[in-house]
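**Student:** Can you read through this structure? Questions will come right after.
The values are calculated or read from the model by the stated rules, or taken from the named source; none is laboratory data. Note that the coordinates shown come from a computational prediction; the quantities given were computed from them, not determined experimentally. A quick note on method: Cβ atoms are made from the backbone with ideal geometry, for glycine too, and the neighbour counts reach across all protein chains shown.
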Number of protein chains: 2
Amino acid sequence: MRRFGQHAVLKDDMIETYTALHAAVWPEVLEVIHACNLVNYSIYRSGRELFAYFEYVGSDYEADMRRMEQSEVMQRWWTHTKPCFLHHDRQEYYMDWNEIFHLA
Amino acid sequence: MRRFGQHAVLKDDMIETYTALHAAVWPEVLEVIHACNLVNYSIYRSGRELFAYFEYVGSDYEADMRRMEQSEVMQRWWTHTKPCFLHHDRQEYYMDWNEIFHLA
């Protein structure tokens, strides 16, 4: 199992939109996330800053992430979420941070 | 089970110290953390920013946190970690962020 911690920043005027989207994520998005072997997925927010924590339980993370990117459902979902991010011209909205400590 | 996501900021000149401390956390500190019912505890870092994720599996979080604060081991450990934080005059170094999404 691999763990990930990722940070992102929202546009100030899109905080409510992003929060509302995540209070009612489409069931088919949740299905794709699980199909791509991501579990225990949480997103935290303070102001316009976001931090996501999730666990990967598959055997090929890069291949599963490519599958997720190619998923029609996710591409449709991202048309709603991507405009919320401050760095909307960047390829990756959530950036990996380094794990400096872990206790099971 | 309750999940927590918390953010903190280090002093620029204490980033290496804090990282080194967490690469070799004292075994007795790990024991106290488990005794206080915290599990799956990760800390992520980018620059001087930290984000901690952990899960609480006990039945009285506030009481367990008070026990942790009163632990002699933790008080000794914190004499090393507390000077690393930017807001060293603040009572809490790690601040809770709000969970806006969770998928088991």
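**Student:** Could you list all residues from region A:1-14 that are in a helix (DSSP H, G or I) and buried (at least 17 other Cβ atoms within 10 Å of the Cβ)?
**Tutor:** A:Met14
**Student:** Which ones in region A:29-46 are of a type outside the set (Val, Ile, Thr), in contact with a Lys or Arg (Cβ under 9 Å, 6 or more places away or on another chain) and assigned to a helix (DSSP H, G or I)?
**Tutor:** A:Ala35
**Student:** How many residues, within region A:15-24, are surrounded by 14 or more Cβ atoms within 10 Å (Cβ to Cβ) and free of Cβ contacts under 8 Å to residues at least 24 places away in the same chain?
**Tutor:** First, the residues of region A:15-24 that are surrounded by 14 or more Cβ atoms within 10 Å (Cβ to Cβ): A:15, A:17-19, A:21-22.
From what is left, the residues that are free of Cβ contacts under 8 Å to residues at least 24 places away in the same chain are A:22.
So the answer is 1.
**Student:** Can I ask one more? If I ask for residues that are more than 8 Å from chain A (Cβ to nearest Cβ), in contact with an Asp or Glu (Cβ under 8 Å, 6 or more places away or on another chain) and of a type in the set (A, V, I, L, M, F, W, C), which ones from region B:39-74 would you list?
**Tutor:** B:Val73, the sole residue that qualifies.
**Student:** Within region A:71-104, can you find the residues that are more than 15 Å from the chain's Cα centre (by Cα), modelled with pLDDT of 95 or more and farther than 30 Å from B:Ala35 by Cα?
**Tutor:** A:Glu72
**Student:** Out of region A:37-86, which residues are surrounded by fewer than 14 Cβ atoms within 10 Å (Cβ to Cβ), out of contact with any Phe, Trp or Tyr (no Cβ under 8 Å at 6 or more places or on another chain) and without any contact (Cβ under 8 Å) to a residue 24 or more places away in the chain?
**Tutor:** Scanning region A:37-86 gives A:Ser59, A:Asp60, A:Glu62, A:Ala63, A:Arg66, A:Glu69, A:Gln70, A:Glu72, A:Gln75, A:Arg76, A:Thr79.
**Student:** Same structure, new question: If the requirement is being touching a Ser or Thr at 6+ places or on another chain (Cβ under 6 Å) and of a type outside the set (A, V, I, L, M), which of these qualifies: A:His102, A:His80, A:His7, A:His22?
**Tutor:** Details: A:His80 fails: touching a Ser or Thr at 6+ places or on another chain (Cβ under 6 Å); A:His7 fails: touching a Ser or Thr at 6+ places or on another chain (Cβ under 6 Å); A:His22 fails: touching a Ser or Thr at 6+ places or on another chain (Cβ under 6 Å).
Within the list A:His102, A:His80, A:His7, A:His22, the selection yields A:His102.
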